[in-house]
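*Asks:* Have a look at the structure that comes next, please.
The values are calculated or read from the model by the stated rules, or taken from the named source; none is laboratory data. Not measured: the values here are computed from a predicted model. As a convention, Cβ positions derive from the backbone with ideal geometry for all residues, glycine included, and neighbour counts pool all protein chains shown. Accessible surface is based on the protein model in full, side chains and every heavy atom, while ligands, DNA and RNA are left aside. Shrake-Rupley method; radii C 1.70, N 1.55, O 1.52, S 1.80 Å.
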Amino acid sequence: MSGWREKAAKYHNDLKQTMIRYRGKILQTSHIREIIEQHPVLAKDSQFVYPSDHCINHTNKGACYCALTEEAIFEQIRHGIYRVRKT
Ligand SMILES: [Zn+2]
């Protein structure tokens, strides 16, 4: 039951590092998917890496520990649109 959450959390730091250069930018999920697919580590388990799991104003089952906290990587603007937070 906690397996999915562990997967999301496992890639938190890699995702955060990858998104640093996009800080403050507003991106579509499809663009974020492309960024993930181009990352050597994240691409291998990309089915476990979703912006919706690392969101300050959105959470779902199996979300990362950062969801709804100041550690969150993304802010959901609306469905499918995210701002990369300046953490
Ligand atoms: Zn996270």
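*Asks:* Mind giving me the FRET efficiency for T69 and K44? R0 is 30 Å, r the Cβ-Cβ distance, nearest 0.05 is fine.
*Replies:* 0.70
*Asks:* Same structure, new question: Given the -39500 (n - 2.57) contribution per DSSP H run of 4+ residues, what per-residue ellipticity at 222 nm results for the chain, rounded to the nearest 500 deg cm²/dmol?
*Replies:* Helices in the chain give a 222 nm mean residue ellipticity of -8000 deg cm²/dmol.
*Asks:* If you don't mind, another one. For the residue pair R83 and N57, what label-to-label distance in nm results when each label sits 7 Å from Cα along the Cα-to-beta-carbon direction?
*Replies:* Result for the modelled spin labels: 0.7 nm.
*Asks:* Using +1 at the C-beta of Lys and Arg and -1 at the C-beta of Asp and Glu, which of I56, H12, I26 has the Cα lying farthest in the positive direction of the dipole of the chain?
*Replies:* Selected residue: I26.
*Asks:* Turning to a different aspect of this structure: Averaged per residue, what accessible area in Å² does the chain show with a 1.4 Å probe, protein chains only?
*Replies:* 60 Å²
*Asks:* What whole-number distance in Å separates the alpha-carbon centres of the range 52-87 and the range 1-51?
*Replies:* 11 Å
*Asks:* OK, next. Got a sec to turn the phi values of the range 63-68 into Karplus ³J(HN,Hα) couplings, 6.51 cos²θ - 1.76 cosθ + 1.60 with θ = phi - 60°, whole Hz, x for Gly and Pro?
*Replies:* 3J(HN,Hα) across the range 63-68, in whole Hz: 5, 5, 4, 7, 4, 6.
*Asks:* Hey, another quick one. Given H placed 1.01 Å from N in the peptide plane, which residues other than close sequence neighbours of I77 have an amide H under 5 Å from its amide H?
*Replies:* Y82, R83
*Asks:* Just to be sure I understand: of the beta bridges DSSP finds with both ends in the chain, what percent are antiparallel, rounded to 5?
*Replies:* Working: 7 of 8 bridges.
Antiparallel bridges make up about 90 percent of those DSSP assigns within the chain.
*Asks:* Roughly how compact is the chain, stated as its Cα Rg over 2.2 N^0.38 Å to two decimals?
*Replies:* Cα Rg divided by the expected 2.2 N^0.38 Å: 0.95.
*Asks:* Turning to a different aspect of this structure: Relative contact order (percent) for the chain, with alpha-carbon contacts under 8 angstrom and 6 or more residues of separation?
*Replies:* Values: 143 pairs, mean separation 29.4, N = 87.
Value for the chain: 34 percent.
*Asks:* Sticking with this structure for a sec: Any of K61/K86; K16/K44; K10/K61; K44/K86 with alpha carbons more than 18 Å apart? Name them for me.
*Replies:* Beyond 18 Å between Cα atoms: K61/K86; K44/K86.
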